[in-house]
Structure formats: C-alpha cells, structure tokens
1. Have a look at 265, 257 and point out the one that is on the phi > 0 side of the Ramachandran plot and not polar (S, T, N, Q).
2. Just the residues that are surrounded by fewer than 16 Cβ atoms within 10 Å (Cβ to Cβ) and part of a strand (DSSP E or B), please, taken from the stretch 326-356.
3. Residue by residue through the stretch 284-298, note down the ones that are hydroxyl-bearing (Ser, Thr, Tyr) and buried (at least 24 other Cβ atoms within 10 Å of the Cβ).
4. Checking residue 299 against (1) over 17 Å from residue 348 (Cβ atoms); (2) within 19 Å of the chain's Cα centre (by Cα); (3) not basic (Lys, Arg); (4) not in a strand (DSSP E or B): exactly one of these is not met. Which one?
5. Please work out which residue is modelled with the lowest pLDDT, limiting yourself to the stretch 189-229 and to residues that are among the hydrophobic types (A, V, I, L, M, F, W, C) and more than 24 Å from residue 284 (Cα to Cα).
6. For residues that are surrounded by fewer than 16 Cβ atoms within 10 Å (Cβ to Cβ) and over 30 Å from residue 106 (Cα atoms), scanning just the stretch 416-445, find the one that is modelled with the highest pLDDT.
7. Cβ-Cβ under 9 Å, sequence separation 6+ or interchain: first residue in the stretch 117-128 and of a type in the set (Lys, Arg), partner assigned to a loop (DSSP other than H, G, I, E, B) and surrounded by fewer than 22 Cβ atoms within 10 Å (Cβ to Cβ). Which pairs?
8. Take the stretch 223-236 and flag every residue that is in contact with a Leu (Cβ under 9 Å, 6 or more places away or on another chain) and closer than 17 Å to residue 198 by Cα.
Amino acid sequence: MEQSPRRRFWMVGPVIVLALVFGVLIGKGWEHTGHATESYEELKTFSEVLTQVQKNYVDDTKVKDLVQGAIRGMLSTLDPHSAYMTAEMYKEMQVETKGEFGGVGIQIGVKENRLAVIAPIEGTPAYRAGIKAGDYITKVNDETTKDLTLMDAVQKMRGPKGTKVNLTIQREGTADPLQFTLVRDTIKIESVKSKVLENIGYVRLTQFQEATGRDLSRVLKQFKEQKLQSTILDLRNNPGGLLTAAVEVSEQFLPNGKLVVYTKGRESKKDEWFAKGKDQMDDSPMIVLVNEGSASASEIVAGALQDYGRAVIVGTTSFGKGSVQTILPLGDGSGLRLTTAKYYTPKGRSIQSTGITPDIVVKQQNAVVAKAEGKPGEKEPEAKPAKPPAAAPQGKDQAPANGKGSDDATRNGAGPSILPVDAAGDPSLEQDVQLQKAVELLKTWKIFKELRPA
C-alpha cells in the first residue's frame, strides 16, 4: 500500500519506526519571503550546475543519479546519521524491525569521526569470526571507508547469502590491521534470552524489536512463578532499536506514570514517554549490565532505571548514541532519515557522545581471540594481520574524518570485547567478570538486607 508523504516515522538507534506522527516537512525558512527567495537563488545555481554537467561532462550521465548524489552530499554535511534511502533501502529498513535480514551481522556507527563497530550480533558471521565492539573498519573489499556515509558503508557490506565480503579492521592494542573474510548469511535475531543463575533471574536483551517488551514480560512472569528474588538485565552489546520497545521494557520495572525518556528538537519542542506500569516487577534488587556496545535504546533503559535508583548499573560506559532520526517517506517510494531531536533521561541527562556511566565500573576481560572465517564445519582460524598496500598514499587507510563527532548506529544487514560464551550462546559465569560481579553484588545485597541489629 502506498504511504502518504505526510506520514513520518520516528527512529532512535540502528532500527526504525518508532511512532507515527503527521506533518509536512516544511522548515521555518519557507515561511518567510526573504528566506524563500534566498533558497530559490541557491536552487537556481544547482540547476545551472546540473545542466552544465549534463552537457559537458566527459561521460553520459543520468539525471536521477546526479540528483541522488546531490541529495546524499547535502545530507552528509549535516551529520553521520542523516541519510537518503533508495526505494529498495527504505523497504529493506522497514523489514529489519521484524528481526530478520540479510548480511554479516555487524552494527556500525560513527565514533570519533571513524566508522566503528558498535557490536557484532550474536550467532552471525561477524560474531563467529571474532569482530569486536570498538573495532574500526578501515576498508571494505580493499576500498577505503574514508568519507563513506553510514548508509554507503551498509550497502557495501550487504549482499546475497553465501557471497563474501572482506573487511580490514584496526583494533586498539593491535599494531597491524586485521583482515576478515566474512560469508554473508540471513541474520535472524532472538531479542530476549533468559536463564536462572544461582537463584537469580538473568535476562539478556540483544536488540529492541517490536516483540521485545512482550517477550520480556513473559520471562519476568516466569521469574515470579519461580519466586526468584533478584534480577540481572544484560544490555551489553545491545546496539538499540525501537524507542517504543525501550519504553515497554522500562515500564516493566517502573511505577505507573513515571517519565521514561523525553526528546527535544530544533524548536525546543518536548515529547515525553511515560511508563504505563501494567505488569511491572516488584522492587526486588536489580542490576543492569552495560558496555561500549550498549547504545541508543539500551541507554534509554539504563538511564531511566539509574535516574530512579531502580537498578545498579554495572560494567563500562555505554556507546553514547542519543540522537533521534525521523524517517520521512518520499513520493517515489524512497525515504529520508533526518536527525530531528536528542533524547534525555528523566533527570535531563543527554546521552549523546557521553553515554551512561555505570555506578560500578567493571572492565571485561578479552577472552575471545579474533578469528577469520573458514569453510563451513571447519574450525575458524585466527585472523591474520592485513598486508599494507605497497606505496599506499598517506592517510589512505584512515577511517572517515568527515563526521561531526556525534554517534549513530546502523545495522549493516549487515568498548572493545566480545562476551565469553558457553555452548548455549549465553555469557559464561566462569569467564565473565562483569556477570560475576553482578551475581556477587546481588548475593551481598541479600545478606545485608537480612542483617538485624542485636
């Protein structure tokens, strides 16, 4: 069904479709004759350039390609998060919120003006190969990522299942670049995983999807039936997702009516989201685990629970993705992703570029060795340092330097450590020092609560 151009979707983090709003994309400048005249003059210059390129450029050109290139260039001057999507990209982006898409399974963003891995998605080719949160992608198939937009990087890493893509990675603490050959696959995501650890309810959220709140509610109900007295909510390497899902998760731990998050845009217009508090948990002890790969919606949840003193935050400082993108459908089926606001915790803290600072800092040990993909069924060999190109121009291998210093997360269909995992794919208590600390704190919590003065 064709979507009206007057409809727009709000987005936060690497995924989309947050809330439906009605309006027309008309800036303040168009409301005043002077500004409109100025805009017309600039458009006149653009038209002249377009005409000259069509008439005199050495090769034949297509108007559609030129215009789309101009649009991409215009948006790239704003920030790394704003982007133009072709009709195919827009359609694919809408499908992603269902939890299944094609690619290698890396969540990417811009950090320190460089193309960075926010987190590999568990169980995907990138995860199995040993790509880590905090890695910087310097090349895709021997093509430098310098000056690539996020959307361009995503498209270069996507492709049909079974095809290969080569990534050159620069990792902190590693002198030489690492070369990874990944075989693309269909990425399916299970957003809620749970188990019982020493009479403590443990639940891990890998992403925030449409069904995450409902699935979490089902798990928490099971915890109640088992009479578990404390909870660990693991948001590590969770790059975010739907804002609505973040609110639905938060409200299961907060009283009815509590502010979960609010956004402020250009005109200081404030939009607020409150907890409905339907099937909320009691006020039993709770710990939230975060790390460098926790971004966007993860930071909304951690920030809200921290502001109200509902949970103790343990781990390392989160990614720092605090901007909101609005998805605007265009008339030809394509779409525009535009940064329109920043989000804030209930106490007014902006997360953009700063992240959530844990109440208790615990650094994770690097327990997983980087590996490059082998043939199916074979043990994956260790990644080898990439050979630098002969007589490479200075700066050729450097990551993008055209960002504005803010962070964004985009799935490629595609903080730095991968969580140790056991055979079931869940964090192993024996190797996971952050999880060990959380369990230890909850046990101590119970001991002190039971102390009675003589």
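The values are calculated or read from the model by the stated rules, or taken from the named source; none is laboratory data. Since the structure is predicted, the reported quantities are computational estimates derived from the model, not experimental observations. Quick reminder, even Gly has a Cβ in these numbers, built from the backbone with ideal geometry, and neighbours come from all protein chains shown.
1. Details: 265 fails: on the phi > 0 side of the Ramachandran plot.
Exactly one residue qualifies, and that residue is 257.
2. Within the stretch 326-356, just 350 meets the criteria.
3. Start the filter on the stretch 284-298 by keeping residues that are hydroxyl-bearing (Ser, Thr, Tyr), which leaves 284, 294, 296, 298.
Matches in the stretch 284-298: 294, 296, 298.
4. All conditions pass for residue 299, except number (1).
5. To start, the set of residues in the stretch 189-229 that are among the hydrophobic types (A, V, I, L, M, F, W, C) comprises 189, 192, 196-197, 200, 203, 205, 208, 211, 216, 219-220, 223, 228.
Filter once more, keeping what is more than 24 Å from residue 284 (Cα to Cα): 189, 211.
On the way: 189: 76, 211: 92.
Per the criteria, the residue is 189.
6. My answer is 440.
7. 128/373; 128/380
8. First pass over the stretch 223-236, keeping only residues in contact with a Leu (Cβ under 9 Å, 6 or more places away or on another chain): 229-236.
Across the stretch 223-236, the qualifying residues are 229, 230, 231, 232, 233, 234.
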